[in-house]
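Encoded as structure tokens, the structure appears first; notes follow it.
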Amino acid sequence: MNDFLTLANMRESVRRYQDKEVEKEKVEKIIESCRLAPSACNSQPWKFIVVDDPELKDKVAKTSYGPILRFNRFASQAPVIVALVIEKPTWLAKIGGGVKDKDFPVMDNGIVASYFCLQAAELGLGTCMLGWFDEKKVKELLNIPKSKRVSLLITLGYPAKERRKKIRKSVDEICVYNRYTGG
């Protein structure tokens, strides 16, 4: 098993995919990893819709770009797109979120999305989380009730090129001890 820092360094947002099917066993392992992710009051307020039917997947991909804003066109290359749906939290998480003015289901979806992407990277797969998409159209295509929210679309497939060098802020720019300092 890789150490976590190595795995975190491996993970990147992939925007070019090979024309190669993702094995169902790998998708199932990713979902099993997500099942184990932490959530507020163990609510697990998520549902994954794995879209691997090529025709439907292309329709979902097209919700993430248009004729003018084309920056997510790569989504059509991915053999799989996963819609991450926010589900209702447990009553305890809902009450706690209300008292503390925190949106625990949204935070929990961020956590589980990270589990998804990290497990995919460990299996040699690439991912990219998309927040820019036509949510109404995705709901129609995937039969998601109007009352639900789709937090993210995640592309999944085998990367078409070598990993890039990560560009990140220094530790000193993102971490202080004991008291907030900076701008």
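Laboratory data are not the source of any read-out in this text; all were calculated from the coordinates shown. Keep in mind that this is a model prediction, so the values were computed, not measured. All Cβ positions, even for glycine, are placed from backbone atoms using ideal geometry, and neighbour counts span all protein chains on display.
For GLN18, the residues whose modelled amide H falls within less than 5 Å of its own, excluding neighbours fewer than 5 places apart on the same chain, are TYR158, ALA160. Judged by the mean number of other Cβ atoms found within 10 Å, the most tightly packed of the peptides 4-17, 105-118 leads the ranking 105-118, 4-17.
With contacts taken as Cα pairs under 8 Å at a separation of at least 6 residues, the range 111-183 carries a relative contact order of 30 percent.
Summarising the label geometry, the points placed 7 Å from Cα in the beta-carbon direction at ILE95 and LYS26 lie 4.5 nm from one another.
Listed values for the range 64-73 are Karplus-derived 3J(HN,Hα) couplings in whole Hz (6.51 cos²θ - 1.76 cosθ + 1.60, θ = phi - 60°), namely 9, 7, x, x, 9, 8, 10, 5, 9, 4, and x replaces Gly and Pro.
Would the range 18-66 count as rounded, prolate or oblate if I go by the C-alpha gyration tensor, calling it rounded below 1.5 in a/c and otherwise prolate when a/b exceeds b/c, oblate otherwise?
Oblate, since a/c reaches 1.5 and b/c is not below a/b.
If the segment from ASP58 to LYS148 were pulled out straight at 0.36 nm per residue, it would be longer than the present Cα-Cα gap by 30.2 nm.
Reducing the range 135-183 and the range 52-66 to their Cα centroids gives an inter-centroid distance of 19 Å. Summarising the amide proton neighbourhood of THR127: residues at separation of 5 or more, or on other chains, whose placed amide H is nearer than 5 Å comprise GLU12, VAL14.
On the basis of the beta-carbon distance and an R0 of 35 Å, ASN42 and ILE68 show a calculated FRET efficiency of 0.25. Mind running the shape call on the range 11-113? Use the C-alpha gyration tensor, a ≥ b ≥ c as the square roots of the eigenvalues: rounded below 1.5 for a/c, prolate if a/b tops b/c, oblate otherwise. It is prolate, given that a/c is not under 1.5 and a/b is the larger ratio.
When each full DSSP H helix of the chain is screened for a Cα extent of at least 15 Å along its own axis and an average Kyte-Doolittle hydropathy of at least -0.5, the helices passing are 104-122. Here's how it looks for ASP134: its modeled amide H is under 5 Å from those of SER64, which are all 5 or more places away or on a different chain.
Of all DSSP bridge pairs formed entirely within the range 4-174, close to 95 percent run antiparallel. Its relative contact order, with pairs defined as Cα atoms under 8 Å and 6+ residues apart, puts the range 1-84 at 38 percent. First check a/c for the range 31-183, with a ≥ b ≥ c the square roots of the eigenvalues of its C-alpha gyration tensor; if it is under 1.5, answer rounded, and if not, answer prolate when a/b is larger than b/c or oblate otherwise. Judged from the Cα gyration tensor, the range 31-183 comes out oblate (a/c at least 1.5, b/c at or above a/b). In the chain, Cα pairs under 8 Å separated by at least six residues give a relative contact order of 32 percent.
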